[in-house]
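The values are calculated or read from the model by the stated rules, or taken from the named source; none is laboratory data. As the structure is a computational prediction, the values presented were derived from the model and not from experiment. Virtual Cβ from ideal backbone geometry, glycine too; neighbours counted across all protein chains shown. Areas reflect the complete protein model, heavy atoms only, side chains present, ligands, DNA and RNA absent. Shrake-Rupley method; radii C 1.70, N 1.55, O 1.52, S 1.80 Å.
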Amino acid sequence: MKKLVKFGIVAVTLLLVGTGCSKGDAKAKSETQKETTVKLGVIGSDTDVWDNVKDRLKKEGVNLEYVKFTDYNQPNAALVDKSIDLNSFQHQFFLDNYNKEHKTNLVSIGNTVNAPLGIYSDKLKDVKELKDGAKVAIPNDVTNGGRALLLLQTAGLIKVDPAKKQTPTVSDITENKKDLKITELDAAQTARALSDVDISVINSGVAVDAGFTPTKDAIFLEPVDDNARPYVNIIVARKEDANNKVYQKIVDAYQTKATEKVIEETSKGSSIPAWETFGRK
């Protein structure tokens, strides 16, 4: 009888221990399954670099969800109205100008890449071949348009008012010896316009989406030097979310050697990891 009692006590003890372990395992499993979804606004279809980051973040409980836009006016507006949590498509100068024009307070939380602007043509091999009266397409927004004009100046094609620094407009051109006919288009349309113009100034991301390798296909590429800092691409958040731990984890995951390798492979060296040169943000 005593043996039966002892057996009963042991059995109950084992059952309680087993139940406790089961509950503990279930709780641990439930905690590991908790996932935070972050909506990231991007431009275009090229997400190869972010795909790599996304896979690594998944293991850390962060689900990165892309929200894709077709033009440069949409992602910041979506961030302001909280349709998305972060965006990654613009450089610092574009953001500064957006904040000024729209009285918003969006901030950079991390550098991504420096993607040099390029001059492209399906008719010419060198900017020196450009004839008088040639047709030129540039982006129509203030920041990319001004950057494009400065690139045309660097290429020796025009001169702009030096007082305008980073924001010259077509009306600020002070010398145009070739009488170039400059047309301003939405940045996303500059690659499609190639058949209608002699040269087009195209953002690196738009060029890659159009099938170009900037270092190979551009007939003139923007130099990467100290003047390039305002054009470093960034991850942007609302100011109140700048120190959000999950968002900072996303920046950490992006600014790694693994990401650097993917950037090199996908951009054929046309994009440069900006955190290596200019720091975290």
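A few notes on this one:
- Residues in the range 215-232 that are of a type outside the set (D, E, K, R) and under 18 Å from Leu150 (Cα atoms): Ala218, Ile219, Phe220, Leu221, Pro223, Val224, Asn227, Ala228, Pro230, Tyr231, Val232.
- Within the span defined as the range 203-223, one or more residues are within 26 Å of Arg280 (Cβ to Cβ) and among the small types (Gly, Ala, Ser).
- None of Asp122, Asp48 is closer than 22 Å to Glu222 by Cα and open to solvent by 60 Å² or more (accessible area, probe 1.4 Å) except Asp122.
- Being assigned by the TED database to the domain that holds Lys125 and at pLDDT 90 or above holds for only one residue in Asp241, Asp217, and it is Asp217.
- Yes/no for Val170 being open to solvent by 40 Å² or more (accessible area, probe 1.4 Å), closer than 17 Å to Val142 by Cα and modelled with pLDDT of 95 or more: yes
- Unique match (being part of a helix (DSSP H, G or I) and surrounded by fewer than 22 Cβ atoms within 10 Å (Cβ to Cβ)) among Glu101, Glu65: Glu101
- Where a residue in the range 43-63 is at pLDDT below 95 and its partner, wherever it lies, is buried (at least 16 other Cβ atoms within 10 Å of the Cβ) and part of a loop (DSSP other than H, G, I, E, B), with Cβ under 6 Å and at least six apart: Ile43/Phe89
- Total residues in the range 242-274, condition open to solvent by less than 30 Å² (accessible area, probe 1.4 Å) and in a helix (DSSP H, G or I): 10
- Test for Asp85: is it assigned by the TED database to the domain that holds Val246, modelled with pLDDT of 95 or more, surrounded by 14 or more Cβ atoms within 10 Å (Cβ to Cβ) and over 30 Å from Lys165 (Cβ atoms): yes
- From the list Val113, Val80, the one residue that fits, being under 20 Å from the mean Cα position of the chain (by Cα), under 18 Å from Arg229 (Cβ atoms) and in contact (Cβ under 8 Å) with a residue 24 or more places away in the chain, is Val113.
- Residues satisfying the stated conditions in the range 141-166, i.e. open to solvent by 10 Å² or more (accessible area, probe 1.4 Å), in a loop (DSSP other than H, G, I, E, B) and modelled with pLDDT of 95 or more: Ala155, Gly156, Leu157, Asp161
- Matching residues in the range 190-203 - criterion: being touching an Asp or Glu at 6+ places or on another chain (Cβ under 9 Å) and under 23 Å from Lys68 (Cα atoms): Ala191
- For the range 225-241, filtered to residues that are part of a strand (DSSP E or B) and among the hydrophobic types (A, V, I, L, M, F, W, C), the residue that is farthest from Val49 (Cα to Cα) is Ala237.
- Yes/no for Gly110 being within 19 Å of Ser271 (Cβ to Cβ) and surrounded by 21 or more Cβ atoms within 10 Å (Cβ to Cβ): yes
- Leu185 meets the conditions (1) of a type outside the set (Val, Ile, Thr); (2) closer than 24 Å to Gln74 by Cβ; (3) at pLDDT below 90 in every case but one. The failed one is (3).
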